[in-house]
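A.B. asks: Before I ask anything, here is the structure I am working with.
Just so you know, all these numbers are worked out from the coordinates, no wet-lab data involved. Everything numeric in this text was worked out from a predicted model, so none of it was measured. Because the Cβ atoms are built from the backbone with ideal geometry, glycine has one as well, and the counts that use them run over all protein chains shown.
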Amino acid sequence: MTGAMDKATRQSLVELEVKTGFYEEAITALYAHILSPGDAAVDGGAHRGLHTYPMADLVGPSGKVHAYEVIPTLTASMRNRIRTASLGQIVLHEQALSDRIEDVSFNWVKNAWGFSGLRSRDYGSVNPDIEVLHTRTTTIDTLPEADLARWRFAKLDLEGGEFNALRGARRALERHRPMLVFEHYIDQGARHYNYSREEWFGFFRGLGYALFDL
């Protein structure tokens, strides 16, 4: 992983994403290169399905895309599209990804949906309008082995919860070694989800994964 990014550079990259959607395009280009018919993919924090549906097209009817989303309005829309478009390769999980299975509260930020997550976080200039939803967490390691036999790619956008979701996928990562693309809030994620720098880097080192900062 690269060294610490200075504030001005970070802000310029945020502005680039807002104006152009650069990061989403980069993610799309990665899985478009990797996924083939019959493969499996995971979309953690599917939101409106921006990446779920293109990945489903790439893996085709013989593949699998496991999409995870909690916000009821979004899951209802996705259920309807999956049904009407006969996208049987998409498995929609109306649960939050984590490293354990338990009943939890989920913070739905109704005036900034992209900030929603299992833990409160720094919302910047947003004055959050939060509705607390009650849901259950799950792990990638609980998926049927047959569904992960050709696991090639995962995208995780969980507002700080990405590391816990990866820890809940350790066995599957060891077996299948998919490419991973995820957000990471550095000190914020560690602070809100209670893990250390040593745990973070040790996890990936133990799996033999190389980390790159986009």
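A.B. asks: Determine the gain in length on full extension of the stretch D147-K19; use 0.36 nm per residue of separation and subtract their C-alpha separation, reporting nm with one decimal.
C.D. replies: 42.4 nm
A.B. asks: Additional query: Restricting to Cα pairs below 8 Å that are 6+ residues apart, what does the relative contact order work out to for the chain? Please round to a whole percent.
C.D. replies: 19
A.B. asks: Once you keep just the Cα pairs under 8 angstrom separated by 6 or more residues, what percentage relative contact order results for the stretch 34-145?
C.D. replies: Result for the stretch 34-145 is 22 percent.
A.B. asks: Could you compute Rg(Cα) / (2.2 N^0.38 Å) for the chain, with N its residue count?
C.D. replies: Expressed relative to 2.2 N^0.38 Å, the Cα Rg reads 0.99.
A.B. asks: Between S12 and A32, how many nm apart are label points set 7 Å from Cα along the C-beta direction?
C.D. replies: 2.6
A.B. asks: Here's a follow-up. Work out, step by step, the length gained on full extension between K110 and R81: first 0.36 nm times the residue separation, then minus their alpha carbon distance; give nm to one decimal.
C.D. replies: 8.2 nm
A.B. asks: Would you mind computing Rg(Cα) / (2.2 N^0.38 Å) for the stretch 25-120, counting N as its residues?
C.D. replies: 1.11
A.B. asks: Please give the peptides 125-133, 150-158 ranked by average Cβ packing (other Cβ atoms within 10 Å per residue), highest first, as a rough proxy for protection.
C.D. replies: 150-158, 125-133
A.B. asks: Given 10 °C and 1.306 mPa s, how large is the Stokes-Einstein diffusion coefficient of the stretch 65-188 in µm²/s, with Rh as the Kirkwood radius over Cα pairs?
C.D. replies: 103
A.B. asks: State, as an integer percentage, the relative contact order of the stretch 36-95 based on alpha-carbon contacts under 8 Å between residues 6 or more apart.
C.D. replies: It rounds to 37 percent for the stretch 36-95.
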